[in-house]
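Read the structure below first, then the notes.
The values are calculated or read from the model by the stated rules, or taken from the named source; none is laboratory data. Keep in mind the model is a prediction, meaning the values are calculated, not measured. Reconstructed Cβ throughout: ideal geometry from the backbone, glycine too, with neighbour counts over all protein chains shown. Protein only, heavy atoms only, side chains kept; ligands, DNA and RNA dropped before computing areas. Shrake-Rupley method; radii C 1.70, N 1.55, O 1.52, S 1.80 Å.
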Amino acid sequence: MFQKILIANRGEIALRVLRACKELGIQTVVVHSTADADAMHVRLADESVCIGPPPSRDSYLNIHQIVAACEITGADAVHPGYGFLSENAKFADILAAHNITFIGPSGDHIRIMGDKIEAKRTAKRLGIPVVPGSDGAVSEDKEAKRIAAEIGYPVIIKASAGGGGRGMKVAHSEADLEVALQTARSEAGAAFGDDAVYIEKYLQKPRHIEVQVFGDGFGRGVHFGERDCSLQRRHQKIWEEANSPALNAEERSRIGGICAKAIADLGYSGAGTIEFLYENGEFYFIEMNTRLQVEHPVTEAITGIDLVHEQIRVASGGGLSVKQEDIKFNGHAIECRINAEDPRTFTPSPGTITHFHTPGGLGIRVDSGVYSGYKIPPYYDSLIGKLIVHGRNRVECMMRLRRALDEFVVDGIKTTLPLFRDLVGNADIANGDYDIHWLEKYLAKEE
Ligand code: ADP
């Protein structure tokens, strides 16, 4: 087992990882920018190293400084959290070259899944169902037309190097296709320095369903069920559930089994998430994230298993603490992402939190690094906390969520809490009846 782990992140996830290390009796080092000197994870860590000024590229993305911090403090492993360097293959390789363990998969697996065309090809080869479309990048308009006609309109043009929902264009007919291709190529070139694009069938009312997987480092794979993250604004998830209200037990074990087998065949090590669009009973692979996800706590709530403990065990060569048959799903969990944003316009609202009071009681978990008097720096993302609620079934979970949201107090800044208070009383949400476009439509109606 590791003696000392360096946490290369900030905010709630740095605190989340720190808690797991403490429970396992592992010493902790955190790195931070000058803007985060007062952050909770810095206060609670055994050691901290200031690695630079506020902008992420000079601090949380500065590989050189982070490696130096490992060497100064004698850390033997790095947990990257999510975002920042968590899916940076070069970072994983550099750490390996310094004999420091990256708590995550190999650089090669990160690389494969980071290239969307390569990821899709790999998924297909591993028996994972994918969205019908071109086999790789499409450079000729004529070829694009032929493929689109074959799979049927509407189609979506996506950037091979894509991410964050950028460089995607929908074409509803052949007349739209040329313009869509041109715009997608130029957006992709500008955003990623790579104008390769590919074509997929555009699904009209899908849900976003993702499967939590783990490779144990010895060639075995398991799944921890799925999460439904269909409530999204501009492709950003805001509310996540486990299990999905749309799946039955047979579908759950079928897709879970396919994913677990793929992970084993790939020889993958550590935590991953295989993301699907789901429509009319069919799953369509869109991408794989090779890291811990923001929404992992809903899976922890229904399985009772600490996924960060498992990541650390696997990375240290100790394997998983559970086998597939030990993973049982109990009840229902929902996570709301509380952002420092206006609940209607989603404009960031940094500033000082004058009063912060979190709900409590059975089935309530709040993961947050903020406190009364905390000043939110304007340099980073606007997530200030996550409320995770667990109940014996979805109805109990929703009742408890409504009560917890009423208790939550964040004064001094705007937050997305009022939006969740509205959503929890909405009939479609109560029925679990929503797709990936539901929230945007709802917000447009409210304006
Ligand atoms: P990114 O890596 O840029 O986030 P993804 O491939 O994960 O791109 O897709 C992001 C979102 O775009 C999906 O969650 C979904 O809302 C939408 N999307 C992607 N592919 C399709 C598709 N084939 N049909 C319909 N919507 C899609």
Please specify each residue of segment 278-295 satisfying the condition of being assigned to a strand (DSSP E or B) and surrounded by fewer than 22 Cβ atoms within 10 Å (Cβ to Cβ). GLU279, GLU282, TYR284, ILE286, GLU287, ASN289
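I'd like to check something: does segment 169-192 contain any residue that is farther than 30 Å from LYS142 by Cα and either hydrophobic (A, V, I, L, M, F, W, C) or crowded, with 19+ Cβ neighbours inside 10 Å (or both)?
For segment 169-192, residues farther than 30 Å from LYS142 by Cα and either hydrophobic (A, V, I, L, M, F, W, C) or crowded, with 19+ Cβ neighbours inside 10 Å (or both): absent.
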Filter result for ALA242 (closer than 18 Å to ILE110 by Cβ, assigned by TED's automatic domain parsing to the domain that holds PHE329 and either surrounded by 21 or more Cβ atoms within 10 Å (Cβ to Cβ) or free of Cβ contacts under 8 Å to residues at least 40 places away in the same chain (or both)): no
Checking the condition at pLDDT below 95 and surrounded by 13 or more Cβ atoms within 10 Å (Cβ to Cβ), which residue from ASP115, ASP141 passes? ASP115
Inside segment 348-424, counting only strands (runs of 3 or more DSSP E) that do not spill past its ends, which hold 3 or more residues that are more than 27 Å from GLY164 (Cβ to Cβ) and open to solvent by less than 60 Å² (accessible area, probe 1.4 Å)? 383-391
Within segment 42-68, track down each residue that is assigned to a helix (DSSP H, G or I), closer than 18 Å to SER86 by Cα and not aliphatic (A, V, I, L, M). SER56, ARG57, ASP58, HIS64, GLN65
Do you know which of the residues in segment 193-206 that are near the ligand (Cβ under 10 Å from one of its atoms) and touching a residue at least 60 places away in the same chain (Cβ under 8 Å) is surrounded by the fewest Cβ atoms within 10 Å (Cβ to Cβ)? GLN204
Select from segment 156-168 the residues that are of a type in the set (A, V, I, L, M, F, W, C) and either more than 8 Å from the ligand (Cβ to nearest atom) or surrounded by fewer than 13 Cβ atoms within 10 Å (Cβ to Cβ) (or both) and write down the one among them that is modelled with the lowest pLDDT. ALA161
Of the residues that make up segment 71-80, is at least one farther than 21 Å from THR273 by Cα, aliphatic (A, V, I, L, M), part of a loop (DSSP other than H, G, I, E, B) and away from the ligand (no atom under 16 Å from the Cβ)? yes
